[in-house]
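Working notes, beginning with the structure itself.
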Amino acid sequence: MRLDTDLKLDYADVLIRPKRSTLKSRKEVDLKRKYKFPHAKGTWTGVPLIAANMDGVATFSMMKALAKNKLMTALHKYHEVKDYKNIIPDFTFVTIGITEADEKKLEKISKIKKPRFICIDVANGYTESFVKFVKKIRKKYPDSVIMAGNVVTGEMTEELILAGADIVKVGIGPGTVCTTRIVAGVGYPQLSAVIECSDAAHGLKGLVCADGGCRTPGDVAKAFGAGADFVMMGGMFAGHDESEFPVIEEDGIKYIEHYGSSSREAMEKHNGGKAKYKASEGKRILIKYRGKVQNTVDEILGGLRSACTYVGAIRLKGLARRTTFIMVNRQLSPEIRD
């Protein structure tokens, strides 16, 4: 047993301190980023926000709506192969797991339309089998941008980049409908994870995607301030028309279902039920119906522009350099509690 006594922080534990700014208006802020990758060829330019690869979030309808704003979608794993002919290559990740069936499905998709972006997604990115699979996919798809995760530590971030990942997905347990921290007692405060993993990745010219824990536009700004290159959101993009889930009405209020990828609901829907050796590490909630996702996109982008203006960052790229976090007493600051 080893006890790490260093202080680790979540988004709600900090605020961004304002600084002098020469910006006259939020309209002056440029939120687009241009990235090169350590392994894949070419560059990518867009707004580095991603809809999480969750059922009811990462649909083709969501992909189309977000692509209009130059945002990305990591399609969930359960779409039929024939539907991938409709992907928007520059703004869509094809998501797979690490089973033989996942690998074969990716081969079938590639015959229809070769994916530019591949997301290799598992709950636990610390296994040898996961690293080996990343190496295999890198060898088979040398020109594709590969995002792999999830992990929360610098050393594993480095290992995945060296194995062939261009982007490492960071986050264990921070999501709105994730219960890993409760069920397994495993996790890492998300702000500290992003800071440590981004530092490790950037030393190898790799990138990180902060996955989970963002409940407000301010949290998204904090993730970029911590060094994230991309930010992935599930709960913030759930509850919209684009989720393609039915609207549920209770006591005159409209809701849409949202559940974790490792929840009992997800396993029953897609895997024929929960295996006896597994524990459910997700939960189901109802989110108030939000209408079109464009309204939420506008709020998130507006919040990012505002954060950049407060610290004097004319581009999103400069937000991390201009960010100073201050710790807060959450008992005295109820407005930023989880």
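The values are calculated or read from the model by the stated rules, or taken from the named source; none is laboratory data. Given the structure is predicted, the values throughout are model-derived calculations rather than measurements. Reconstructed Cβ throughout: ideal geometry from the backbone, glycine too, with neighbour counts over all protein chains shown. Heads up: the accessible areas ignore ligands, DNA and RNA and are worked out on the full protein's heavy atoms, side chains in. Shrake-Rupley method; radii C 1.70, N 1.55, O 1.52, S 1.80 Å.
HN-Hα J couplings of segment 110-119 from phi, Karplus 6.51/-1.76/1.60, θ = phi - 60°, integer Hz, Gly and Pro as x?
After applying 6.51 cos²θ - 1.76 cosθ + 1.60, I find 5, 6, 7, 7, 5, x, 6, 10, 10, 10 Hz.
Once amide H atoms are placed 1.01 Å from N in the peptide plane, what residues at a sequence separation of 5 or more from Phe93, or on another chain, have their amide H within under 5 Å of its amide H?
Thr73, Ala74, Leu75
Across the Cα atoms of segment 23-155, what radius of gyration and what greatest pairwise Cα-Cα distance (Dmax) are found, in Å?
Calculated on Cα positions, Rg and Dmax stand at 15.5, 54 Å.
Using the Cβ atoms and a cut-off under 13 Å, what net charge is assigned to the surroundings of Asp298, where Lys and Arg are +1 and Asp and Glu are -1?
After counting each charged neighbour, the total is +4.
Exceeding 19 Å between C-alpha atoms, which entries from my cross-link table qualify? They are Lys34/Lys139; Lys113/Lys135; Lys104/Lys139; Lys32/Lys288; Lys114/Lys136; Lys68/Lys288.
From Lys34/Lys139; Lys113/Lys135; Lys104/Lys139; Lys32/Lys288; Lys114/Lys136; Lys68/Lys288, over 19 Å: Lys34/Lys139; Lys113/Lys135; Lys32/Lys288; Lys68/Lys288.
If the chain between Lys85 and Lys41 were fully stretched, how many nm would it gain, using 0.36 nm times the residue separation less the Cα-Cα distance?
Gain on stretching Lys85 to Lys41: 13.6 nm.
List the residues, sorted by chain then number, that are 5 or more residues from Lys169 or on another chain and whose placed amide H is less than 5 Å from its amide H.
For Lys169, whose amide H was placed from the backbone, the distant partners under 5 Å are Ala148, Gly149, Val151, Cys209.
Please check: in the Gaussian network model of the chain (C-alpha springs, under 10 Å), which one of Val328, Val152, Val47 has the largest mean-square fluctuation.
Val328
Express the relative contact order of the chain as a whole percentage, based on alpha carbon pairs under 8 Å and six or more residues apart in sequence.
Value for the chain: 23 percent.
Accessible area per residue, 1.4 Å probe, Å², for segment 97-203: what's the number?
Value for segment 97-203: 41 Å² per residue.
When all protein chains stay in place, what accessible area (Å², nearest 10, 1.4 Å probe) is found for Arg17?
110
Mind checking which aspartates and glutamates have their Cα closer than 17 Å to the Cα of Lys132? Skip sequence neighbours fewer than 8 apart in that chain.
Cα-Cα hits under 17 Å: Glu100, Asp102, Glu103, Asp121, Glu155, Glu158, Glu159, Asp166.
At what distance in nm do the modelled label points of Asp199 and Val183 sit from each other, each positioned 7 Å from its Cα along Cα→Cβ?
The answer from the label model is 3.2 nm.
Rg and Dmax of the chain, using alpha carbons, in Å: what are they?
19.1, 59
How far apart, in nm, are the 7 Å Cα→Cβ label points at Met327 and Lys135?
Calculated label separation equals 4.1 nm.
Once amide H atoms are placed 1.01 Å from N in the peptide plane, what residues at a sequence separation of 5 or more from Arg33, or on another chain, have their amide H within under 5 Å of its amide H?
Counting only residues 5 or more places away or on other chains, the set is Gly46, Val47.
Give me a comma-separated list of calculated 3J(HN,Hα) values for segment 26-37, in order, Karplus coefficients 6.51, -1.76, 1.60 applied at θ = phi - 60°, integers in Hz, x for any Gly or Pro.
Per-residue couplings from phi come out as 4, 4, 6, 6, 9, 8, 6, 10, 10, 10, 9, 10 Hz.
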